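See structure below.
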Amino acid sequence: MDSLTPPWREVLGLDDIRAAADRLRAVGVETPLQRSPRLSEQYGAEILLKREDLQAVRSYKIRGAYNFIAGLPAGALAAGVVCASAGNHAQGVAWSCHHLGVRGTVFLPRRTPRQKVERIRVIGGKLVELRFVGESFDDAATAAAEFSAGTGATVVSAFNHPQTIAGQGTVMAEVVDQLGSPPDVVVVPIGGGGLVAGIAVCLDGLGAPTTIVGAQPAGAPGMVRSLEAGHPVTVDIEDDFVDGAVVRTPGPLTVAITAELVSRVLLVAEGQVCTELLTLYQDDGIVAEPAGALSVAALEDLAAEVAGKQVVCILSGGNNDVARYDEIIERSLIHRGLKHYFIVQFPQQPGALRRFLDECLGPSDDITLFEYIKKSSREFGPALVGIELAERDHLGPLLERIAVSGLDVESVPPDSAVFRFLI
């Protein structure tokens, strides 16, 4: 079914989502819908968070995986299941295998965060085997398909199957039950598109006038490029930081549904996601993962559109690795214009560093990185210097002081190889 060609209405509708809701009700996957006072005040709207990060596997993926596997015939279950995942879908499959007593094999990209890998092992126990292959979800998907062909195990699609999409659509069925009516706007993270497709099918079946907005990481714009082309396309991944939403090729089913029912899909900068991750943690006590924070981060670009409206943001997951927070802080500072890097050609003479400190830095500027190797046979030695500013608008005065100092200072642009090495 992963190669299913539209028309999608022949294979998926509101009745399928309702059937999935009935199936899932028995295993207790309902999550809270919570008003965010901070976001509501910030955007002049009624902002509500659908807390899928509070699932047993810390993401909405449990819904689609369980609905898919529980609906398989006994003969298929005997042969086991297999899936490809960037981490969260695998946890949903592992949880479902454990509860249904089904053997499963999970293919993961080699760069899957350690926290997700350990969670999959704990959740699945002895019933689930982990295998690592390639650098992306698509590499893992190819390996899973080959495994299925050789063993007869059923591939549990991460996003491009009616049963998976129906399971994910139960998120919106719950939201409507909790609110008593559909919201004005819903903002949904997008990787392969299973969640947004399920939500869209649910709202379409209800005849709701809700505006559906998708949020996709700027460095992995598979759905956006596919919508532009009018069919699924494969994209190069420029930044895989938002790992739970990094998919090179969305499916034909999810693309078709998104094209017809979703109002727009925004590309959200990874630094913007990092800033919201930190704010969710520090101000709201919510541990979100990068993909989970996509919908909330997108509000920055939707401020004028959501003012005065009831808005639901799907906080899709909370599988974040504490080891990533240094990078999250760094990316946030860069995005907010508070962190900058320079290469300074220091004269190899006494007092050169003191001159830079006295003539270039302002009273609240802070050096956070200084890497220098003295070259004894040269008149100048380069140093890589990282400077953190107290305010974004302090950059202009800093650059002016550097210009009049006479020192040879070169800014390191964010799109350079050196900059990518730093973060």
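Every read-out reported here was derived from the displayed coordinates using simple, explicitly stated rules and does not represent laboratory data. Note that the structure is predicted; figures quoted are calculated from it, not measured. Cβ placement follows ideal geometry from the backbone for every residue including glycine, while neighbour counts extend to all protein chains displayed.
Worth a mention:
- The relative contact order of the chain comes to 16 percent, based on Cα pairs under 8 Å that sit 6 or more residues apart.
- Of 393, 177, the sequence from fewest to most neighbouring Cβ atoms within 10 angstrom is 393, 177.
- Packing rank of 261-267, 179-185, 200-206, where each peptide gets the mean count of other beta carbons within 10 Å, highest leading: 200-206, 261-267, 179-185
- Each of 99, 89, 231, 394 was scored by other Cβ atoms within 10 Å of its Cβ. Listed from fewest to most, they are 231, 99, 394, 89.
- Highest mean first, the peptides 292-299, 128-135 sorted by other C-beta atoms within 10 Å per residue fall in the order 292-299, 128-135.
- With one equal scatterer per alpha carbon and no solvent term, the Debye-computed log10 I(q)/I(0) for the range 1-123 at 0.18, 0.21 1/Å reads -1.06, -1.22.
- Each label point was placed 7 Å from the Cα along the Cα-to-Cβ direction; for residue 42 and residue 146 their separation is 4.4 nm.
- Remark: the Cα gyration tensor places the range 62-155 in the oblate category, a/c being 1.5 or greater and a/b not exceeding b/c.
- Multiplying the residue separation of residue 301 and residue 281 by 0.36 nm and removing their Cα-Cα distance gives an extension gain of 5.1 nm.
- Relative to the current alpha-carbon distance between residue 179 and residue 76, full extension at 0.36 nm per residue lengthens the span by 33.3 nm.
- Each part gets one Cα centre, and for the range 328-351 versus the range 278-314 those centres are 30 Å apart.
- Normalised radius of gyration (Cα atoms, divided by 2.2 N^0.38 Å) for the range 156-292: 1.03.
- Segments 279-291, 69-81 sorted - mean Cβ within 10 Å per residue, highest first: 279-291, 69-81
- Of the residues 60, 275, 214, the one whose Cα sits farthest toward the positive end of the charge dipole of the chain, with +1 on the Cβ of Lys and Arg and -1 on the Cβ of Asp and Glu, is 60.
- Part-to-part distance (alpha-carbon centres) for the range 1-64 and the range 105-168, which is given in Å: 21 Å
- Treating r as the C-beta distance of residue 349 and residue 391 and R0 as 22 Å, the FRET efficiency rounds to 0.10.
- Rounded, prolate or oblate (a/c below 1.5 giving rounded, otherwise prolate when a/b exceeds b/c) for the range 223-325 by Cα gyration tensor: oblate
- For the range 329-423, applying the loop criterion from DSSP together with a ceiling of 13 other beta carbons within 10 Å to the trypsin sites (Lys or Arg not before Pro) yields 374, 375, 378.
- Residues in the range 387-418 reached by a label modelled at residue 379 [backbone nitrogen below 17 Å; 7 Å Cα→Cβ]: 406-409
- Three semi-axes of the equivalent ellipsoid, the chain, Cα gyration tensor, whole Å, largest first: 44, 25, 18
- For the range 302-356: rounded, prolate or oblate by the Cα gyration tensor [a/c cutoff 1.5]: oblate
- Shape parameters for the range 337-422, alpha-carbon atoms, Rg then Dmax in Å: 12.8, 39
- Working note: 222 nm ellipticity from helices only, DSSP H runs with n ≥ 4, each -39,500 (n - 2.57), summed and divided by the residues of the chain, gives -12500 deg cm²/dmol to the nearest 500.
- P(r) of the range 167-246 over all Cα-Cα pairs, binned every 5 Å from zero, in whole percent: 3, 16, 23, 21, 15, 12, 7, 2, 0
- Shown for the chain: lysine pairs separated by 8 or more places, or found on different chains, whose C-alpha atoms are under 19 Å apart, numbering 4.
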